[in-house]
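One structure is given here, and the rest of the page talks about it.
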Amino acid sequence: MTKKNITFAGIIFEGGTADEYKTGGWRKLRPILDKDKCTNCLICWVMCPDSAVIVEDGKMVGFNLEHCKGCGICAMECPDKVKAITMEEEEK
Amino acid sequence: MATVTGTKKVVGLTGNSAIAYAMKQVDPDVCAAYPITPSTAIMEEFSGYYADGQVSTELIAVESEHSAMSACIGAAAAGARVMTATSSQGLALMWEMLYVASGLRLPIVMAVVNRALSSPINIHCDHSDSMGARDSGWIQLYSENVQEAYDNLFQAVRIAEDRRVLTPVMVCMDGFITSHAIENLTIMDDAEIKEFIGEHESAYSLLDTENPITVGAMTLPDAYMDIKHQQSKAMAASKDVVVEVAGEFEQRFGRSYGLMEAYMLEDAEVCVVVLSSAAGTTKVAVDELRSQGKKVGLLKPRLYRPFPHEEIMEALRGCKAICVLDRADSMNGFGGPLFTDIRAALYDTPQRPVVINRIFGLGGRDYTVEDAMEVYHELLRIKETGKVETLSAYLGED
């Protein structure tokens, strides 16, 4: 919403606009995927609270870093025998 | 439940019964409420109308007043015509949601049966509940008697839903004094009411999946202030709508309302300003003093939020000494809420009158004609001597 276009009571008269609000800048830790280890079980996709795990044709292909806040749930939930996701410090 | 026949236009009802009956006549889409003394009978009787199939309302029994107002907000955002009622601690528990309702510009109408706030705990009348909510962005109408409470409720629907306003409205009346006392009042036919209030047509609905919207989104420093400014302008403009709706009400039903009632104020030298039922008591004292040739008058604000400061200044222009009676203490070491507002409004008058404050009737303490006489006598003394002994005090106490 720009200042020139303030709607009545701040109501947003269209759907899905949260997608336009980039929150990736909050991230301190970045998830790194090891494609060789990943079994595409998609548990990370199920558990991600920001819908930031990208899946194409049933395969886990990476992260939407514009919305990933680096919480690390994906890395934690990735099965112990697989551990395809690691969290690394964001570069300053 | 009050029995009201279709043919008899003058009936005897308590304030609560009259409000419940008015709500039945409005037949709102949704009512969500939690009972609390002294407003309990409103929802009790309304739920009777609901059980008997006399209203098409969705009645939501909730577990607290916070939930009641939350449910009202959700329903209003979905485009429903919404009403509820509460008192005292119930209003206090709604606090957070009062601001959400007004900020989202939802035209909810709520009957507030005024009762003291704890502590100490007390179920009787004073205005500490609704006075605390005076800056919550709700329009506030205060009613002197059962007739006014009944009439105000319909006007509140029109005011709240006006496209220029879209702001929630509280209709206040005094707990027990008005809510539980039977008074004669003139009631209207359902058809007359339907015609007066019309259909509620919301510009949007949260449940319209074809046109999805987000209500209550996060706003940051670039937008928040602009949205509050919209709200502030609508609140200020609602004053004219209150007058307009009162005018149409008078045309249809013959009873006259405005921003305030001026009683014997035209040539008054001293004046009392007081809200709600105490105005009726004060009028008796005015009549008696007028019969003795004393130029005394009364101002009873009806619309308190927004505060019609210009009209009040105009109405009190000729007075030399004024006492504002507050049925609530602001606990600020200065004076009650009505006092500080009235005094501020008079700052721009050419000859600033003396304005004193007396706190009265807290927790249901009687306010008698003798009390009013005492106030007028003090004002007449001040007018003669020009001397104010005590600016703010509790009426009848040292």
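The values are calculated or read from the model by the stated rules, or taken from the named source; none is laboratory data. Here the structure is a predicted model, which is why all the values come from computation and not from measurement. Heads up, the Cβs are rebuilt from the backbone with ideal geometry, glycines too, and the neighbour counts pull from every protein chain shown. Please note that ligands, DNA and RNA were not included when accessible areas were found on the heavy atoms of the full protein model with its side chains. Shrake-Rupley method; radii C 1.70, N 1.55, O 1.52, S 1.80 Å.
General observations
- Residues of the stretch B:324-366 that turn out to be farther than 26 Å from residue B:87 by Cα and part of a helix (DSSP H, G or I), as a count: 6
- Looking only at residues of the stretch B:132-159 that are among the aromatic types (Phe, Trp, Tyr) and within 26 Å of residue B:328 (Cβ to Cβ), we find that the one that is surrounded by the fewest Cβ atoms within 10 Å (Cβ to Cβ) is B:138.
- Inter-residue pairs, beta-carbon under 8 Å, first in contact (Cβ under 8 Å) with a residue 24 or more places away in the chain and in the stretch B:330-346, second loosely packed, with under 13 Cβ neighbours inside 10 Å, 6+ apart: B:345/B:310; B:346/B:352
- Any hit, the stretch B:177-194, residues being under 21 Å from residue B:73 (Cα atoms) and surrounded by 17 or more Cβ atoms within 10 Å (Cβ to Cβ): no
- Residue list for the stretch B:63-103, filter: touching a strand residue (DSSP E or B) at 6+ places or on another chain (Cβ under 6 Å) and of a type in the set (Lys, Arg): none
- Residues that are part of a helix (DSSP H, G or I), touching a residue at least 12 places away in the same chain (Cβ under 8 Å) and not aromatic (Phe, Trp, Tyr) within the stretch B:241-258 comprise B:241, B:242, B:243, B:245, B:246, B:248, B:252, listed in sequence order.
Matching residues to (1) buried (at least 19 other Cβ atoms within 10 Å of the Cβ); (2) under 18 Å from residue B:152 (Cα atoms); (3) of a type outside the set (Gly, Ala, Ser):
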{"site": "B:236", "(1), (2), (3)": "no, no, no"}
{"site": "B:258", "(1), (2), (3)": "no, yes, no"}
{"site": "B:270", "(1), (2), (3)": "yes, no, yes"}
{"site": "B:316", "(1), (2), (3)": "yes, no, yes"}
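- Among the residues of the stretch B:117-125, not a single one is more than 14 Å from chain A (Cβ to nearest Cβ), in contact with a His (Cβ under 6 Å, 6 or more places away or on another chain) and either of a type outside the set (Gly, Ala, Ser) or open to solvent by less than 10 Å² (accessible area, probe 1.4 Å) (or both).
- Some residue of the stretch B:377-387 being at pLDDT below 95 and surrounded by fewer than 12 Cβ atoms within 10 Å (Cβ to Cβ): yes
- Residue match in the stretch B:372-392 (condition: within 30 Å of residue B:124 (Cα to Cα) and within 23 Å of the chain's Cα centre (by Cα)): yes
- Taking (1) open to solvent by 70 Å² or more (accessible area, probe 1.4 Å); (2) assigned by TED's automatic domain parsing to the domain that holds residue B:38 in turn, residue B:264 satisfies each apart from (2).
- Residue within the stretch B:242-253 that is surrounded by fewer than 17 Cβ atoms within 10 Å (Cβ to Cβ) and within 24 Å of residue B:391 (Cβ to Cβ) present: no
- A search for C-beta distances below 7 Å between a residue of the stretch B:214-226 that is open to solvent by 70 Å² or more (accessible area, probe 1.4 Å) and any residue that is assigned to a helix (DSSP H, G or I), counting only pairs 6+ apart in sequence or on different chains, returns B:222/A:3.
- Filter pass, residue B:162 being surrounded by fewer than 20 Cβ atoms within 10 Å (Cβ to Cβ), under 20 Å from the mean Cα position of the chain (by Cα) and not β-branched (Val, Ile, Thr): yes
- Residue in the stretch B:350-370 that is touching a His at 6+ places or on another chain (Cβ under 6 Å) and either hydroxyl-bearing (Ser, Thr, Tyr) or open to solvent by 10 Å² or more (accessible area, probe 1.4 Å) (or both) present: yes
- Only a single item in (1) touching a residue at least 24 places away in the same chain (Cβ under 8 Å); (2) under 13 Å from residue B:103 (Cα atoms) is not met by residue B:202, and it is number (2).
- Matching residues in the stretch B:235-249 - criterion: being over 21 Å from residue B:99 (Cβ atoms) and small (Gly, Ala, Ser): B:246, B:247
- Single residue of the stretch A:1-15 satisfying the filter (facing chain B (nearest Cβ under 8 Å), part of a loop (DSSP other than H, G, I, E, B) and modelled with pLDDT of 85 or more) that is least open to solvent (accessible area, probe 1.4 Å): A:11
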